[in-house]
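One structure below.
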Amino acid sequence: MPNPKDVHDPDLAPWVAVLTTAQTSGILGDGDDAIEGRLLAAADTVGRTPAQLRAAAGVHDPEPRSFVDLVTVRPHPLTSIDDGVLARTRVPNGSCLVRVDADGSRRVLTYYDGPAYGWRNGRGYRDPVEPLGPWARFAGGRYAAAFPAGETDRVGLVAVGDDPPEGFAWTRPGISQRYVDVAELDELTAR
């Protein structure tokens, strides 16, 4: 799959999360978009083997393979990272699922294009109904919100339902989205 380097560049992320086999399966099969736990500085992961990455992150995988998968994390203003530990949240837009093979080579498997689209080219999709942040209040409605990759002045608002609210456009069946400036929101919260 081509990597749209303009906004989904794995090299722009300062952090990575090391995944277990079950977490990767949840992303690719079910569209899981929740992330939490120990993060590693991305610069410190270059050249490490899958076993070294698992050890550095303290990840015990009951089904270890010869490769390991990482999710890149580019924090937005509502991301809570304390001493390298990410509080439970929705995967930030622009995050990439990167496979590190036994020889240290890396390749992007997919990228997260926000709660309106989910993981691109994945088999599953998860509606943004779980109370993962960010969330916004706008024009009387409450919506899942997501900063576009690398931006902080506007957010994409995501609505779930049969009829999109005014100004929203369909992104997939039952899901619509609208971009607004953060200054136009009534409220923007991490949860």
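Below are the figures for this structure:
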| read-out | value |
| --- | --- |
| Residue of P14, P77, P165 that the Gaussian network model of the chain assigns the largest fluctuation, springs spanning Cα pairs under 10 Å | P77 |
| Residue-by-residue Karplus 3J(HN,Hα) for the range 39-51, coefficients 6.51, -1.76, 1.60, Hz, glycine and proline x | 10, 10, 5, 4, 4, 7, 9, 5, x, 8, 7, x, 5 |
| For the chain, calculated [θ]222 nm from helices alone, where every DSSP H run of n ≥ 4 adds -39500 (n - 2.57) | -1500 deg cm²/dmol |
| Fluctuation leader among V16, V59, V71 - the chain, Gaussian network, Cα springs under 10 angstrom | V59 |
| The range 1-139 - percent relative contact order, Cα under 8 Å, separation 6 or more | 30 |
| Average projected area [Cα convex hull, the chain], square nanometres | 10.5 |
| Debye intensity ratio in log₁₀ form over the Cα atoms of the range 15-120, taken at each q of 0.11, 0.17, 0.20 Å⁻¹ | -0.30, -0.74, -1.04 |
| Equivalent ellipsoid semi-axes, the range 135-189, via Cα gyration tensor eigenvalues times 5, rooted, Å | 18, 13, 9 |
| Heavy atoms of L19: accessible area, 1.4 Å probe, square angstrom to 10 | 10 |
| Net charge contributed by nearby residues that have their C-beta within less than 13 Å of T79 (K/R +1, D/E -1) | +2 |
| Accessible-area value, W170, 1.4 Å probe, nucleic acids and ligands omitted, Å² | 130 |
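The values are calculated or read from the model by the stated rules, or taken from the named source; none is laboratory data. Quick caveat, the model's predicted, so the values are computed rather than measured. Counting neighbours? That spans all protein chains shown, and the Cβs are built from the backbone with ideal geometry, glycine included. Ligands, DNA and RNA are stripped out before the accessible areas are found, and what is left, the full protein with its side chains, is counted by its heavy atoms. Shrake-Rupley method; radii C 1.70, N 1.55, O 1.52, S 1.80 Å.
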